[in-house]
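Enquirer: Can you keep this structure in mind? I'll have questions shortly.
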Amino acid sequence: MTMDPGHGAAFAYKAEVDDLEGNEMGSDALDALKERALHEAERIAEALVFASSDPVAEKLISGKLPDNTPVGIVMERLAERYASRGINLVRVGDAWAFRTAADLGFLIRRDETEVRKLSRAGLEVLSTIAYHQPVTRAEIEDVRGVATSKGTLDVLLETGWVRMRGRRRSPGRPVTYGTTMAFLDHFGLEDLRDLPGMDELKGAGLLSGRVPSNFQPPLLASGDELTEDEDPITQMDLEELGLLTPMGEAED
């Protein structure tokens, strides 16, 4: 078979697998070739994730692999290879990233210092957004029982852990807030459904005995698509919110 010179080994192996599957070949030979194709696909995925400072979407990885390559299997195999090493391959939402093994984190010293730490109010607002998203500022205040300053929300937006999701289809069209992939990455969560539950929160002393016995944290979906009562934020909305100038350029 003549291959395009630009194709890598994984593409060549995939083409050979396709050819062999159409012939009466020994299963051992076919299995061996499939294994080589998967191994080459792992190498491609490994290079993509290693070269990126941010988590790499599984969809992007899939687009770089030969057609019909089972990207889920490729990533799980690769994660298994790194499971016992000092660097682990971890899932972050629908993306993948290399991270220092959890038990070795204490050895890593960061040169940069935090200029600003979250206040108690900031932590409360972040927790409210994490567990109740999509949520508006008024809804955050209802949950906390106190007013939420714009400054607190601005700080959370600056951390990159919180984002404006959309606008609620209700009077005034208030902005809805939600967490980001950076939030999951920072707190070592694969999915929003990995947030601590009631028993874990009580065990950590984060819930008082005054919490009603029938209280349960809201059930969260795994994706971050807009809900039925949310509209996407448009450029006009950004201008109205002061995030863009009337000419369409982002404010500093």
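The values are calculated or read from the model by the stated rules, or taken from the named source; none is laboratory data. Since this is a predicted model, take the numbers as computed values, not measurements. Here Cβ is always computed from backbone atoms with ideal geometry, including for glycine, and neighbour counts include all displayed protein chains.
Enquirer: Filter region 220-230 down to the residues that are of a type outside the set (Ser, Thr, Tyr) and surrounded by 13 or more Cβ atoms within 10 Å (Cβ to Cβ), then identify the one that is modelled with the lowest pLDDT. First the steps, then the outcome.
Expert: Going residue by residue through region 220-230, those that are of a type outside the set (Ser, Thr, Tyr) are 220-221, 223-226, 228-230.
Then keep just the ones that are surrounded by 13 or more Cβ atoms within 10 Å (Cβ to Cβ); that gives 220, 224, 226, 230.
Working: LEU220: 59, ASP224: 65, LEU226: 84, GLU230: 90.
Step by step, filter region 220-230, then rank; the result is LEU220.
Enquirer: If you don't mind, another one. What tally of residues in region 138-171 results from selecting those that are more than 24 Å from GLN235 (Cα to Cα) and among the aliphatic types (A, V, I, L, M)?
Expert: 4
Enquirer: Another one. What single numbered condition from (1) under 30 Å from ALA57 (Cα atoms); (2) surrounded by 14 or more Cβ atoms within 10 Å (Cβ to Cβ); (3) modelled with pLDDT under 85 fails to hold for LEU207?
Expert: With respect to (1) under 30 Å from ALA57 (Cα atoms); (2) surrounded by 14 or more Cβ atoms within 10 Å (Cβ to Cβ); (3) modelled with pLDDT under 85, LEU207 is out only on (1).
Enquirer: Also, I was wondering about something else. Going through region 152-172 one residue at a time, which ones are touching a residue at least 24 places away in the same chain (Cβ under 8 Å) and surrounded by 15 or more Cβ atoms within 10 Å (Cβ to Cβ)?
Expert: Within region 152-172, THR152, LEU153, VAL155, LEU156, THR159, TRP161, VAL162, MET164, ARG165, GLY166, ARG167, ARG168 qualify.
Enquirer: Do we find that GLY172 is outside the structural domain of ALA97 (by TED's automatic domain parsing), in a loop (DSSP other than H, G, I, E, B) and under 20 Å from the mean Cα position of the chain (by Cα) in this structure? I'd like the intermediate steps shown before the answer.
Expert: Values: outside the structural domain of ALA97 (by TED's automatic domain parsing): yes; in a loop (DSSP other than H, G, I, E, B): yes; under 20 Å from the mean Cα position of the chain (by Cα): no.
In short, no.
Enquirer: From the list ILE233, ILE140, exactly one residue is modelled with pLDDT under 90, in contact with a strand residue (DSSP E or B) (Cβ under 8 Å, 6 or more places away or on another chain) and of a type in the set (Val, Ile, Thr). Which is it?
Expert: Being modelled with pLDDT under 90, in contact with a strand residue (DSSP E or B) (Cβ under 8 Å, 6 or more places away or on another chain) and of a type in the set (Val, Ile, Thr) holds for just one of ILE233, ILE140, which is ILE233.
Enquirer: Would you check if PRO70 is within 28 Å of LEU226 (Cβ to Cβ) and modelled with pLDDT of 90 or more?
Expert: Answer is no for this residue.
Enquirer: Starting from residues that are at pLDDT 85 or above and among the basic types (Lys, Arg), keep the ones in region 96-134 and report whichever is surrounded by the most Cβ atoms within 10 Å (Cβ to Cβ).
Expert: ARG99
Per-residue answers, yes or no, for (1) under 17 Å from the mean Cα position of the chain (by Cα); (2) on the phi < 0 side of the Ramachandran plot; (3) in the same structural domain as GLN235 (by TED's automatic domain parsing):
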| position | (1), (2), (3) |
| --- | --- |
| GLN133 | yes, yes, yes |
| ARG137 | no, yes, yes |
| VAL155 | no, yes, yes |
| GLY160 | yes, no, yes |
| ARG165 | yes, yes, yes |
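Enquirer: Is it the case, given these coordinates, that ALA147 is at pLDDT below 80 and either farther than 30 Å from ASN88 by Cα or surrounded by fewer than 18 Cβ atoms within 10 Å (Cβ to Cβ) (or both)?
Expert: No; evaluated as a whole, the condition is false for this residue.
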